[in-house]
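> Please see the structure below; I have some questions.
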There are 2 protein chains.
Amino acid sequence: MSKPTNKNVTIHIKRLMHNIEQLGKIGLNKDGGIDRVLCSDTDLEARNWISRYWEQVFLKKTRVDPIANLWMDLEGDRNLPAIVMGSHHDAVPCGGRFDGALGVLMATEIVETLKDRRIRLRHPLSLVSFTGEEPNPFNISTVGSKVIAGRLTKEDLHKYSHRETKELLGDAIKRMGGNLDLAENALINKKNVAAFLECHIEQGDKLDKSGLAIATVTKITGIYREKITVSGEANHAGTTMMNSRKDAYLAACEYSLAIEKAVKNLNSDEATATVGFVKVEPNEANIISGKTTLIMDMRISDKVRKAGILHKLDREAAIIEGQRKVTIQREVILDQECIPMSDTVINAFDHGAVCIGEPAAHLVSMAGHDAANISMITRTGMIFVKSVNGKSHCKEELSYPEDIEKAANAMLQALLYLDKELDGNDII
Amino acid sequence: MSKPTNKNVTIHIKRLMHNIEQLGKIGLNKDGGIDRVLCSDTDLEARNWISRYWEQVFLKKTRVDPIANLWMDLEGDRNLPAIVMGSHHDAVPCGGRFDGALGVLMATEIVETLKDRRIRLRHPLSLVSFTGEEPNPFNISTVGSKVIAGRLTKEDLHKYSHRETKELLGDAIKRMGGNLDLAENALINKKNVAAFLECHIEQGDKLDKSGLAIATVTKITGIYREKITVSGEANHAGTTMMNSRKDAYLAACEYSLAIEKAVKNLNSDEATATVGFVKVEPNEANIISGKTTLIMDMRISDKVRKAGILHKLDREAAIIEGQRKVTIQREVILDQECIPMSDTVINAFDHGAVCIGEPAAHLVSMAGHDAANISMITRTGMIFVKSVNGKSHCKEELSYPEDIEKAANAMLQALLYLDKELDGNDII
């Protein structure tokens, strides 16, 4: 019998699924969704579960950085920068068991597998579970990765507070074991990190529709948001004749449909636009709306196409203004560039997929991720695993064990490949 | 010099405008609008002002009925049922000085003029200022007239409370001098009332556009309201492709525009439809709406046309459901019939207009009024006075003194006509 090569090493899917199930009990509500929003009691409970698990398996203390990201740092054979793997453990209200948790637990399973098999890598390895990736009541998502990438200062952080309880973010982070006064110490020195790998559920239905289990992410979409304020004239719903109206809401309806039409006409799977936030004023059944506010969220990686859409919307707004005697004021509130993933890590994931007999499929991530921030400090890449029916951020969120197993084994092979190829034998 | 006939009697416009100005100071806010919502401190202040004025002029105590309507009851020469005139003194938040107040003060001016001229009528006269005609935080409009018309029982009334302070309507009405436990005593005996006359601003722009000062109201429009619930699927704004969406908000936009189109196509000045209330859920920038709720307010007097519109909307809803894979559920929440005014009072107002040299113009009231309730107990009619630019429920609400004077003199002549013609010499 020949000595097994690392190519034969595979993760323990039952253990991984069991861990997903265990962590998925934390925050489980009566409707079957997960409530584990940033700095909630269940966030803390999830942190304690992860820390305890890591400490039991790796016999080392979990490190909590100033923004309360959880870290498990393990030594390598050589004095090299670390390869980091992980994701986040928080969830949207009534969210699913896989978004975030899967990435943390898969990274954990991969390192646990290496430990079981006594495979030591050249690079040190770090596991991470990021603080507050999801939208949350503090109005700041991917906060853990933003801070370590230097995208937020101590001063920025001290401005945030909980929209209902008014608790300061600093106080809440302290409850999670962090300390915002030391936020600058959380910043990662580029020299200490070799690469970051994250597995995440796709959240869309492209893999499900194409019959694929996994795909390598090539880039993370840009997100562009406009706040659109339509101003008309509030007036009596009975006495104001149909032709004398300046109905801000109906103008907003036309504009919302124009946004949809413009983006649909691109006929692209890599372009979306959504009006998800709508505020009608005064919002009374018997008063014509004098003011309606919308937020448009547009995700288009291609800059030329994005400019084309915005140009078309300029014209649509002008037409509606003229026809409905309203004004449409547009303000850019977010303009996040499309983030390409590292070619090195893309190659490693492709290699991993091929190693396990899967095609090296590529996808653009249409959701934002911690990886977008981490890409500013190191070679970063992601692998997506199929979401059944493309559902996420809901209790129906599901990925099958056979797909998760493929993703984990591909990621394990990607890790082994990077460990061999990076630093000293650099392929960049 | 011949003795003046009653046809030469005219009201004192300077006194009336002065009173409008005085009452308009109560609740005047820094933006120039009037805050005098049902059972507010300024509502009470306005009541005190009106009571005091009546008592000083007519040397009689103001009567406050159990729902806190204010009454000034004056004897006639004969033991006949009373002719009642008045309107309401409350206002929508940041409303105008004329809506309601004009009707109370004009009725007052007419009776004060008769008193000055020592003209005694056959009929007793009552002045009334109704409680809570406008939409208010207790969610019950025209409450004063509803109660005296027997449209609300004591039990119904005890269910209402202030949407913010939670104060019970009963406690609030007690602060205004009423007593809901005795609500049934407020009910008017039909035998005791001969007619009800109300002057109100038009609130629309038909008079202003046609260059007329006044018009007789022929009917008060029916109001029909549907709560429309559009159910789609809440989903991620980035990862859900444009063709895989079930966007409840965009379906609601299409339906709202279809409502507008259907009613506009009637090309009628007596048909309106409005979507003034909109609730988008979950209302987050990065989530496609899974549920959007609308309230449609439709005012069409013609039953056949109304049925035609509803039939058209059935088809529109089915088309949108099919194209957007959503469901549109519609629930009738109000279906108030069109209320015709009394022919006797219409004739009296027409006569009044002709007496002062104005054309006997007719209008349908597209807003609801206390007169709609009072029409259930007695011959009821209204006269409209021009609203400059059709504005109402706002600080820009305005009617010119010359138009108000015409309305008051026409109404005075209508009163004299009815006093002569009704009861004993009945023209019905």
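Taken together, the values in this text are just the output of simple stated rules run on the coordinates, not laboratory data. All values reported here derive from a predicted model rather than from experimental measurement. Cβ placement follows ideal geometry from the backbone for every residue including glycine, while neighbour counts extend to all protein chains displayed.
> Would you tell me the mean number of C-beta atoms belonging to other protein chains that fall within 10 Å of each C-beta in B:248-254, as a whole number?
Mean shielding by partner chains, rounded to a whole number: 5.
> Among B:His351, B:Thr62, B:Ser256, pick out the residue whose Cα is farthest towards the positive end of the charge dipole of chain B, where Lys and Arg carry +1 and Asp and Glu carry -1 on C-beta, about the Cα centre.
The Cα lying farthest towards the positive end belongs to B:His351.
> Further question: Can you sort A:His88, A:His369 by how many other beta carbons sit within 10 Å, fewest first?
By the 10 Å Cβ count, ascending: A:His369, A:His88.
> In addition: Of the DSSP beta bridges with both residues in chain B, give the percent that are antiparallel, rounding to the nearest 5.
Given both bridge residues lie in chain B, the antiparallel proportion sits at roughly 70 percent.
> Taking chain A as a Gaussian network, where each spring joins two C-alpha atoms under 10 Å apart, which residue of A:Ile140, A:Ile201, A:Ile214 fluctuates the most?
A:Ile140
> Another one. Any aspartates and glutamates with Cα under 20 Å of the B:Lys30 Cα? List them, leaving off those in the same chain fewer than 8 positions away.
B:Glu21, B:Asp41, B:Asp43, B:Glu45, B:Asp90, B:Asp99, B:Glu396, B:Glu397
> Using θ = phi - 60° and the Karplus relation 6.51 cos²θ - 1.76 cosθ + 1.60, list the HN-Hα couplings for segment B:160-176 in order, rounded to whole Hz, with x at every Gly or Pro.
7, 8, 5, 5, 9, 6, 6, 4, 5, 4, x, 5, 5, 5, 4, 4, 8
> Over 24 Å apart: what share of the alpha carbon pairs of segment A:292-428 falls there, rounded to a whole percent? Intermediate results must be reported in sequence, preceding the final value.
Values: 4753 of 9316 pairs.
Taking all Cα-Cα pairs of segment A:292-428, the fraction more than 24 Å apart is 51 percent.
> In whole Å, how far is the Cα centre of segment A:27-100 from that of segment B:106-172?
Rounded to whole Å, the Cα centres lie 64 Å apart.
> With no solvent and one point per C-alpha, what does the Debye sum give as log10 I(q)/I(0) for chain A at q = 0.07, 0.10, 0.12 Å⁻¹?
-0.38, -0.73, -1.00
> Take every residue in peptide B:215-224, count the Cβ atoms of other chains within 10 Å of its Cβ, and give the average of those counts. Numbers along the way, then the final one.
Numbers: counts 0, 0, 0, 0, 0, 1, 2, 0, 4, 0.
The shielding value for this peptide is 1.
> Then there is this: Neighbour counts of other C-beta atoms within 10 Å: give me B:Arg175, B:Arg225, B:Arg122 arranged from fewest to most.
B:Arg175, B:Arg122, B:Arg225
> Could you work out the relative contact order of chain A? I mean the mean sequence separation of Cα pairs under 8 Å and 6+ apart, divided by the number of residues, in percent.
Result for chain A is 21 percent.
> While we're looking at this one, here's another question. Over the Cα atoms of segment A:223-336, what is the Rg over Rh ratio if Rh follows Kirkwood?
Numbers: Rg = 14.9 Å, Rh = 14.6 Å.
Radius of gyration over Kirkwood radius for segment A:223-336 works out to 1.02.
> Taking A:His12 in one copy and the same position in all the others, each labelled 7 Å out along Cα→Cβ, what are the pairwise distances from the first, in nm, shortest first?
10.0
> Give the separation of the Cα centroids, segment A:240-269 to segment B:286-353, in Å.
22 Å
> Considering the rotation that carries chain A onto chain B, locate the chain A residue whose Cβ comes closest to its axis and report the distance in whole Å.
Closest Cβ on chain A to the axis mapping it onto B, in Å: A:Cys253, 2.
> From the residues A:Ser129, A:Thr165, A:Ala149, which one has its Cα farthest along the dipole of segment A:125-208 in the positive direction, the dipole being from +1 and -1 charges on Cβ of Lys/Arg and Asp/Glu about the Cα centre?
Of the options given, the answer is A:Ala149.
> Take every residue in peptide B:277-283, count the Cβ atoms of other chains within 10 Å of its Cβ, and give the average of those counts.
Numbers: counts 9, 9, 3, 7, 1, 6, 5.
Partner Cβ neighbours, averaged per residue: 6.
> Give a residue-ordered list of calculated ³J(HN,Hα) values for segment B:289-294 (Karplus: 6.51 cos²θ - 1.76 cosθ + 1.60, θ = phi - 60°; whole Hz; x for Gly, Pro).
5, x, 8, 9, 10, 10
> Moving on to the next point. Using unit Cβ charges (K, R positive; D, E negative) and no other charged atoms, how large, in debye to the nearest 20, is the dipole of segment A:223-336 about its Cα centre? Numbers along the way, then the final one.
Working: 17 positive and 16 negative charges, 37 e Å.
Dipole magnitude for segment A:223-336 comes out near 180 debye.
> Dipole size in debye (nearest 20) for segment B:61-151 around its Cα centre, Lys and Arg Cβ +1, Asp and Glu Cβ -1?
340 debye
> Sort largest first and round to whole Å: the equivalent ellipsoid semi-axes of segment B:128-282, each the square root of five times a Cα gyration tensor eigenvalue.
Over the Cα atoms of segment B:128-282, the ellipsoid semi-axes are 40, 27, 13 Å.
> Between copies, how close do the B:Lys303 label points come, placed 7 Å along Cα→Cβ, listed in nm from shortest?
6.7
> Between B:Glu331, B:Glu55, B:Glu21, where does the largest GNM mean-square fluctuation fall for chain B, given springs only between Cα atoms within less than 10 Å?
Most flexible of the set in this elastic network: B:Glu331.
> Taking the Cβ of each residue in A:Lys60, A:Lys312 as the centre, tally the other Cβ atoms inside 10 Å and list the residues starting with the fewest.
A:Lys60, A:Lys312
> While we're looking at this one, here's another question. Considering only A:Asp205, A:Asp77, A:Asp35, give the residue with the highest GNM mean-square fluctuation for chain A, with springs between Cα atoms whenever their separation is below 10 Å.
A:Asp77
> Let me ask another. Can you list, shortest first and in nm, the gaps between the label point of B:Val57 and those of its counterparts in the other copies, using a point 7 Å from Cα in the C-beta direction?
Relative to the other copies, B:Val57 has label-point distances of 8.7 nm.
> How much length would be gained if the chain were fully extended between A:Lys30 and A:Thr153, taking 0.36 nm per residue of separation minus their Cα-Cα distance, in nm to one decimal?
40.4 nm
> Taking the Cα centre of the protein assembly as shown as origin, work out the dipole magnitude from +1 charges on Lys and Arg Cβ and -1 charges on Asp and Glu Cβ, in debye rounded to 20.
It comes to approximately 80 debye.
> Calculate how many DSSP beta bridges within the protein assembly as shown are antiparallel, expressed in % of all such bridges and rounded to the nearest 5.
70 percent
> With the crude spin-label approximation of a point 7 Å out along Cα→Cβ, what separation in nm comes out for B:Gln22 versus B:Ser268?
Simple spin-label model gives 4.5 nm for this pair.
> Moving on to the next point. Given Cα pairs under 8 Å that are at least 6 residues apart, what percent is the relative contact order of segment B:55-181?
30 percent
> Between A:Lys279 and A:Lys325, take the C-beta separation as r, use R0 = 25 Å, and let me know the FRET efficiency to the nearest 0.05.
Rounded to the nearest 0.05, the efficiency is 0.75.
> Pick out, from B:Ile328, B:Ile26, B:Ala186, the residue whose Cα sits farthest towards the positive end of the charge dipole of chain B, with +1 on the Cβ of Lys and Arg and -1 on the Cβ of Asp and Glu.
Of the listed residues, the answer is B:Ala186.
> Mind checking which lysines have their C-alpha under 19 Å from A:Lys14, skipping anything on the same chain fewer than 8 residues away?
The reachable lysines, counting only those whose Cα sits under 19 Å from A:Lys14, are A:Lys25, A:Lys115, A:Lys386, A:Lys406.
> Any idea what the alpha-carbon Rg over 2.2 N^0.38 Å comes to for the protein assembly as shown?
Numbers: Rg = 35.6 Å, N = 856, 2.2 N^0.38 = 28.6 Å.
So the Cα radius of gyration is 1.24 times the expected 2.2 N^0.38 Å.
> For segment B:223-336, calculate the relative contact order in percent as a whole number, restricting contacts to Cα pairs under 8 Å that are 6 or more residues apart.
Normalised by residue count, the contact order of segment B:223-336 is 45 percent.
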